[in-house]
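Here's the structure, in structure tokens; my notes come after.
The values are calculated or read from the model by the stated rules, or taken from the named source; none is laboratory data. Predicted model only: the values in this text are computed from it and were never measured. Cβ coordinates were reconstructed from backbone atoms using ideal geometry, including for glycine residues, and neighbour counts include every protein chain displayed.
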Amino acid sequence: MGERWTRSLAISIGVISMWWAPVSAAQPLPPNVGPLVHFVAGLVRSCQNAAYSLWSNNDYSGYRQRQSPPVSVHYSAGLLHARPEIPAELPAPLRAEFAVSIDSATELLRLSALAFKDLAGYVAARDFEGDQYRKGDELNAKLVEWGQKCFAVAKDLRAEHRKTAQFILQNFDILDPMVRRMGEDWMSTLPLADELAKGARADLGRIGALVDQLTALDEQRKHEIGEVTGEGPWPSRFYTIELDRALVSMRRFLRDARTQPVLRDMQMADRPRTVFDFNQDLIDLEMSEAFFYALQ
């Protein structure tokens with residue numbers, strides 16, 4: 001069984017999705033990729049926060065029963081900027097996906113921020129005393145719906161961020177060997193993210209095997225980086241912070257899952273800020289971000 005998992009991981013490391021048409025190798029990096037992926041990463045974080053506050057952790061019903069303060073949101077529509085240029089060097093299907101997802105996420109954040117402001121004013125003015133919470137219930141129902149949609153579009157953007165990193169690794173010349181290796185090591189974490197994406201259907205045995213393999217790789221790389229003088233901060237950050245966080249989180253989850261089935265099921269659920277969602281974010285977004293920063 002262990003050999004099969006190891007062989008599967010090795011195959012996954014060497015295979016990059018080929019749904020796009022290949023371009024010629026050893027091209028210079030597109031100059032506008034960095035601004036795009038960093039903008040997208042910020043948008044994903046805003047959508048995740050909105051999904052958690054407006055849907056997953058919505059406390060409006062508790063407020064109605066005088067058990068909690070009004071729901072709070074952890075993003076500001078005022079911080080949203082215009083969509084950056086999407087580089088022509090990216091595959092046409094990926095460019096189209098980015099355009100749709102960015103516009104959808106921006107509109108959802110804008111609408112939900114306005115609705116929440118309306119709800120906050122409604123509560124502050126105690127207008128619920130005049131209509132028995134009718135308007136508040138309607139506004140909150142919209143916020144819950146938009147929170148769920150924010151979660152969905154955050155996953156779409158996260159996937160597009162990941163596809164962009166894969167495309168760059170496959171098709172463009174990365175001269176720094178440390179950065180190239182960091183990108184390849186990031187690729188080796190993708191089978192774990194893919195298994196986590198299965199949620200309640202995920203194979204915990206396979207996850208454990210992948211975590212063990214990646215832990216060994218992480219320790220090896222941290223030792224190698226420690227021996228290199230003058231190495232920039234991003235390869236070090238990739239291993240000592242981002243990859244470490246994911247592996248520590250997963251090892252603890254796997255240990256707790258053996259004896260706490262209720263906690264296990266909660267953390268495998270397809271909702272914001274579960275262990276599974278948190279680690280998909282780390283792999284598909286934050287580690288990918290570290291790779292793009294290292295390219296600059």
Legend entry - Test: residue in the range 90-102 that is at pLDDT 95 or above and either under 22 Å from Arg273 (Cα atoms) or hydroxyl-bearing (Ser, Thr, Tyr) (or both): yes
Inset, instruction - Identify the single condition in (1) under 27 Å from Ala96 (Cα atoms); (2) under 22 Å from the mean Cα position of the chain (by Cα) that Met182 does not satisfy, given that it satisfies every other one. - result: (1)
Legend entry - All positions within the range 118-142 that are within 32 Å of the chain's Cα centre (by Cα) and touching a residue at least 40 places away in the same chain (Cβ under 8 Å): Leu119, Ala120, Gly136, Asn140
Inset, instruction - Could you please give the count of residues in the range 268-296 that are touching a Phe, Trp or Tyr at 6+ places or on another chain (Cβ under 6 Å) and on the phi < 0 side of the Ramachandran plot? - result: 8
Inset, instruction - Go through (1) farther than 26 Å from Lys155 by Cβ; (2) basic (Lys, Arg); (3) free of Cβ contacts under 8 Å to residues at least 12 places away in the same chain and name the single condition Lys222 misses. - result: (3)
Inset, instruction - Might you check whether a residue that is surrounded by 18 or more Cβ atoms within 10 Å (Cβ to Cβ), in contact with a Ser or Thr (Cβ under 7 Å, 6 or more places away or on another chain) and basic (Lys, Arg) occurs anywhere in the range 218-227? - result: no
Inset, instruction - Determine which member of the set Arg264, Arg245, Arg273, Arg255 is under 18 Å from Lys198 (Cα atoms) and surrounded by fewer than 16 Cβ atoms within 10 Å (Cβ to Cβ). - result: Arg273
